[in-house]
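Written below as structure tokens is the structure these notes are about.
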Amino acid sequence: MPHHLSVRIDPNSGFCFGVIYAIQMAEDLLDEQGYLYCLGDIVHNDEEVQRLEKRGLRIIGYEQFEQLRNEAVLIRAHGEPPSTYQMALENNLTLIDASCPVVLKLQNRIKTSYDKQEKIFIYGKHGHAEVRGLLGQTSGNAVVFESLDELLRHELPPNITLYSQTTKSTDSFYRIKGELEERGYQINANDTICRQVSNRDKDLRRFAGQYDQVVFVSGTKSSNGKVLYQVCKDTNPATHFISKVEEICATWFQPGQSVGICGATSTPMWLMEQVRDALLAL
């Protein structure tokens, strides 16, 4: 039957190098010792977490981390605050540090700014794993904000040092910088947004515009997934968000339509391939 969908996966989608590195590290250690503790979800994708848990990954929170002694614990790509490293020393824990190099560089820059007693404002998501690590560099003294409105509710100093979580939108970051400058503030802006994320923004616009329908695959906890899904939907209103194969609706599609599949920096390729196979079988 010639009515089937034609389906293509975006070649630029899938894990960013920070996530590839962390998962590779986890898999190597699981092969070696059969189990491995990981502080927090290794990646904001439930399907990938479940796959690794079946192989012996044990995801723990801070409460369990505090109780552990003489074990190895993986630090995921999002990075950790200094307090985590301190506790590991006290409890004789070996940290396997898979913090993304882009995040580590940002942590160092924030620490340097803090040591110079600059007034630091971080554009990011409250409570996000990466943001906790960034705040820790300032002993919790930096101000985290999610929007310009929220930022303007603070008493702002005349000189502001501006940073961003690595997965935020570059456009929003520069819009915020511009607005503040228009209001007369001196802004020392540090664009620390990961280029693998911001370039994906442009690639996705190109990709999403080529298809009748787009299926965006991402974990519901992924910040970057929310941003990139919005990019797709703005370009192509016929974009559907799913976090697993079971959420596909056959009624979304007309026979013979073209469908593009794409995802977040935390979406595994195997999951997008499963989605492709399910669509081809409709």
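The values are calculated or read from the model by the stated rules, or taken from the named source; none is laboratory data. Remember, predicted model here, so these are calculated numbers, not experimental data. For neighbour counting, all protein chains shown are included, and Cβ atoms are generated from backbone atoms with ideal geometry for every residue, glycine included. What goes into the accessible areas is simple: the full protein's heavy atoms, side chains included, and nothing from ligands, DNA or RNA. Shrake-Rupley method; radii C 1.70, N 1.55, O 1.52, S 1.80 Å.
Pairs under 7 Å by beta carbon, first residue among the polar types (S, T, N, Q) in the stretch 34-63, partner surrounded by 14 or more Cβ atoms within 10 Å (Cβ to Cβ), six or more apart or different chains? Every condition considered, the pairs that remain are N45/G219; N45/S222; N45/S266; N45/T267; N45/P268. Between E66, E71, E27, E80, the distinction of being open to solvent by 10 Å² or more (accessible area, probe 1.4 Å), under 20 Å from R132 (Cα atoms) and of a type in the set (D, E, K, R) belongs to E66 only.
Residue by residue, here is whether (1) basic (K, R); (2) out of contact with any Cys (no Cβ under 9 Å at 6 or more places or on another chain); (3) under 30 Å from N159 (Cβ atoms) holds:
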position: A189; (1), (2), (3): no, yes, yes
position: V197; (1), (2), (3): no, no, yes
position: R200; (1), (2), (3): yes, no, no
position: F207; (1), (2), (3): no, no, no
position: Y211; (1), (2), (3): no, yes, no
position: F216; (1), (2), (3): no, no, no
position: K221; (1), (2), (3): yes, yes, no
position: K226; (1), (2), (3): yes, yes, no
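For the stretch 138-168, a residue qualifies if it is part of a loop (DSSP other than H, G, I, E, B), out of contact with any strand residue (DSSP E or B) (no Cβ under 7 Å at 6 or more places or on another chain) and open to solvent by 20 Å² or more (accessible area, probe 1.4 Å), and the qualifying residues are S139, G140, N141, E146, S147, R153, E155, L156, P157, T167. A count restricted to the stretch 211-251 and to residues that are open to solvent by 50 Å² or more (accessible area, probe 1.4 Å) and touching a strand residue (DSSP E or B) at 6+ places or on another chain (Cβ under 6 Å) stands at 3.
In this entry, P237 passes the filter for residues that are without any contact (Cβ under 8 Å) to a residue 40 or more places away in the chain, farther than 17 Å from D10 by Cβ and assigned to a loop (DSSP other than H, G, I, E, B).
Only residues that are part of a loop (DSSP other than H, G, I, E, B) and either touching a Pro at 6+ places or on another chain (Cβ under 8 Å) or among the polar types (S, T, N, Q) (or both) were counted across the stretch 208-231, and they come to 4. For the stretch 30-51, the set of residues classified as open to solvent by less than 20 Å² (accessible area, probe 1.4 Å), within 12 Å of the chain's Cα centre (by Cα) and under 12 Å from G219 (Cα atoms) consists of V43, N45, listed by residue number. Within the stretch 106-123, being surrounded by 12 or more Cβ atoms within 10 Å (Cβ to Cβ), in a helix (DSSP H, G or I) and out of contact with any helix residue (DSSP H, G or I) (no Cβ under 7 Å at 6 or more places or on another chain) holds for R109, K111, S113, Y114. Determine whether the stretch 186-207 contains at least one residue that is assigned to a helix (DSSP H, G or I), out of contact with any Ser or Thr (no Cβ under 7 Å at 6 or more places or on another chain), open to solvent by 70 Å² or more (accessible area, probe 1.4 Å) and acidic (D, E). For the stretch 186-207, residues assigned to a helix (DSSP H, G or I), out of contact with any Ser or Thr (no Cβ under 7 Å at 6 or more places or on another chain), open to solvent by 70 Å² or more (accessible area, probe 1.4 Å) and acidic (D, E): absent.
Within the stretch 76-87, residues that are closer than 15 Å to G127 by Cβ and of a type in the set (G, A, S) reach partners that are part of a loop (DSSP other than H, G, I, E, B) and at pLDDT 95 or above with beta carbons closer than 8 Å, at six or more positions or on different chains, in the pairs G79/S99; G79/C100. With respect to the conditions (1) open to solvent by 20 Å² or more (accessible area, probe 1.4 Å); (2) modelled with pLDDT under 95; (3) within 21 Å of D41 (Cβ to Cβ); (4) of a type in the set (A, V, I, L, M, F, W, C), M269 falls short on a single one, namely (2).
Being within 21 Å of R51 (Cα to Cα) and among the β-branched types (V, I, T) is the filter here, so list the residues in the stretch 199-250 that pass it. Of everything in the stretch 199-250, those that are within 21 Å of R51 (Cα to Cα) and among the β-branched types (V, I, T) turn out to be V217, T220, I242, V245, I248. Within the stretch 240-282, track down each residue that is assigned to a loop (DSSP other than H, G, I, E, B) and either basic (K, R) or closer than 17 Å to L204 by Cα (or both). Within the stretch 240-282, K244, A264, T265, S266, T267, P268 meet the criteria.
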